[in-house]
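Below you'll find the structure, written out as structure tokens, and then a few comments.
The numbers here are math on the coordinates, done by the rules we state, and not lab data. Since this is a predicted model, take the numbers as computed values, not measurements. Cβ: placed from backbone, ideal geometry, glycine included. Neighbour counts: every protein chain shown.
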Protein chains: 2
Amino acid sequence: MDKVDIGQHISQQFNAELEEVRNRVLGMGGLVENQIANAVTALVERDSELAETVVSGDYKVNALEVAIDEQCSHILARRQPAATDLRLIVAVIKTITDLERIGDQAERIARMAIRLAEAEQPKNQYIELGNLGNHVREILHDALDAFARMDPEAAVAAAREDLRIDNEYNGIMRQVITFMMEDPRSITPMLDIIWAARALERIGDHAKNICEYLIYLVRGKDVRHTSLEQMEKEVQEAHKK
Amino acid sequence: MDKVDIGQHISQQFNAELEEVRNRVLGMGGLVENQIANAVTALVERDSELAETVVSGDYKVNALEVAIDEQCSHILARRQPAATDLRLIVAVIKTITDLERIGDQAERIARMAIRLAEAEQPKNQYIELGNLGNHVREILHDALDAFARMDPEAAVAAAREDLRIDNEYNGIMRQVITFMMEDPRSITPMLDIIWAARALERIGDHAKNICEYLIYLVRGKDVRHTSLEQMEKEVQEAHKK
């Protein structure tokens with residue numbers, strides 16, 4: 001079974017509810033992707049106004065988390081789902097927690113963008129940050145896409161991309177430290193660059209968590225705390241069965 | 001209703017299962033508290049050996065998360081809990097995610113302790129870090145205690161303590177930045193102090209999350225994304241009813 005078939009329910013109504021929850025998660029994911037994109041653009045382009053919209057928009061992400069959470073609790077209480085349906089609800093409850101925390105990181109980046117827009121700094125760190133931001137957004141997009149298509153292979157591929165994020169993050173870190181040592185006056189603004197890079201790296205981790213929940217949901221196998229190689233093996237073996 | 005009465009179930013067996021889950025969460029919490037304590041001691045005392053035990057002990061935290069998660073899924077599938085029982089299971093699923101992430105932060109601090117044990121640095125930053133570490137551990141302890149006693153007032157009090165953590169964290173940050181500016185050679189080791197302080201501050205946030213889940217569990221009210229004042233009001237109003 002390559003894709004989870006949630007289409008064969010006795011209750012059409014229940015089907016529609018599960019579908020609605022999935023769509024709301026994807027909608028929340030799209031909103032969060034947008035928040036990241038705007039936060040990173042605001043940082044790179046020194047656009048405080050755009051950054052303000054990210055900060056003031058975070059409440060929408062929070063509200064969606066609370067709403068979807070409630071919907072999941074209602075479904076658990078009234079529908080008493082089992083097997084894949086139950087795993088879907090548990091995966092959703094976990095996924096939206098990570099999406100909400102990604103939203104918090106985007107807000108954090110936006111706040112730094114506001115501070116950094118006022119500081120006088122060379123632009124090269126921003127270019128690296130912009131690249132890191134784009135890659136992080138791609139991973140989140142791929143993770144959500146894997147979730148939309150219930151595709152564990154795509155989830156493993158997205159999780160694997162997180163390694164690239166870690167390398168890019170370490171590269172920025174080395175560069176920033178050199179810069180700080182050469183010019184101690186740059187320490188305070190450089191620390192903001194560090195926090196922004198750190199926030200992006202954390203978003204990559206959250207995206208990877210979402211991939212792991214999806215694999216658990218489709219395969220019924222908990223792949224957290226295992227290596228990428230093990231994760232790939234699990235998915236391939238389940239494929240052969 | 002001041003405490004949740006989970007003792008009036010038709011099924012004694014179900015009762016025992018819920019009790020077991022709660023005890024396992026508290027056990028996991030105790031283990032995580034211990035990991036923080038050892039990580040901070042290792043950092044302050046420059047004890048690499050102790051730090052190694054924290055790093056090698058993290059798998060136990062991870063294993064508990066996976067095991068409790070599975071137990072919760074089984075209970076959801078077989079027992080189809082409703083109302084408070086359902087909220088307990090959802091709160092547990094969320095709480096153990098935060099406990100696992102706290103474990104990761106403790107491991108992170110331990111890794112820094114290993115690196116910092118080799119560096120030559122004045123001790124004063126370590127004292128501040130040690131204090132911050134103790135306060136963070138206290139908050140987590142209070143949060144878990146509130147969970148054990150199902151006491152939302154205690155949860156609000158613990159959540160309120162997180163503000164003190166943030167202040168202490170900001171104090172350390174200011175101190176470290178001054179230090180870096182005075183002596184650029186200290187930048188690399190000082191960054192490790194920053195990461196350790198940051199990790200402790202994050203643990204405080206996770207402990208606060210646990211408080212919020214507990215309030216949701218007992219009061220049936222979602223208090224995330226609200227201010228401490230609102231949280232307190234919710235708990236007090238529910239108390240009057």
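Among the conditions (1) away from chain B (no Cβ under 11 Å); (2) touching a Phe, Trp or Tyr at 6+ places or on another chain (Cβ under 6 Å), the only one that residue A:79 does not satisfy is (1). Is it true that some residue in segment A:27-46 is touching a residue at least 40 places away in the same chain (Cβ under 8 Å), of a type in the set (Asp, Glu), assigned to a helix (DSSP H, G or I) and surrounded by fewer than 18 Cβ atoms within 10 Å (Cβ to Cβ)? Scanning segment A:27-46 turns up no residue that is touching a residue at least 40 places away in the same chain (Cβ under 8 Å), of a type in the set (Asp, Glu), assigned to a helix (DSSP H, G or I) and surrounded by fewer than 18 Cβ atoms within 10 Å (Cβ to Cβ).
Considering only residues in segment B:62-76 that are touching a Lys or Arg at 6+ places or on another chain (Cβ under 9 Å) and more than 10 Å from chain A (Cβ to nearest Cβ), the one that is farthest from residue A:217 (Cα to Cα) turns out to be B:64. A count restricted to segment B:11-26 and to residues that are closer than 13 Å to residue B:140 by Cβ and outside any helix (DSSP H, G or I) stands at 0.
A single entry from B:162, B:205, B:151, B:145 fulfils the requirement of being more than 19 Å from residue A:192 (Cα to Cα) and in contact with a Lys or Arg (Cβ under 6 Å, 6 or more places away or on another chain): B:162.
In the condition set (1) without any contact (Cβ under 8 Å) to a residue 40 or more places away in the chain; (2) surrounded by fewer than 18 Cβ atoms within 10 Å (Cβ to Cβ); (3) farther than 26 Å from residue A:92 by Cβ, residue B:165 is compliant with all but (2). Residue count for segment A:175-224, restricted to those that are assigned to a loop (DSSP other than H, G, I, E, B), surrounded by fewer than 24 Cβ atoms within 10 Å (Cβ to Cβ) and touching a helix residue (DSSP H, G or I) at 6+ places or on another chain (Cβ under 8 Å): 4. Reported count of residues in segment B:101-119, each being closer than 15 Å to residue B:188 by Cα and of a type in the set (Gly, Ala, Ser), is 3. Of all residues in segment B:131-177, exactly one satisfies the criterion of being in contact with a Ser or Thr (Cβ under 8 Å, 6 or more places away or on another chain) and more than 22 Å from residue B:99 (Cβ to Cβ), namely B:177.
Suppose we keep only residues that are in contact with a helix residue (DSSP H, G or I) (Cβ under 8 Å, 6 or more places away or on another chain) and surrounded by fewer than 17 Cβ atoms within 10 Å (Cβ to Cβ) within segment A:50-61. Which one would you say is nearest to the other protein chains (Cβ to nearest Cβ)?
A:60
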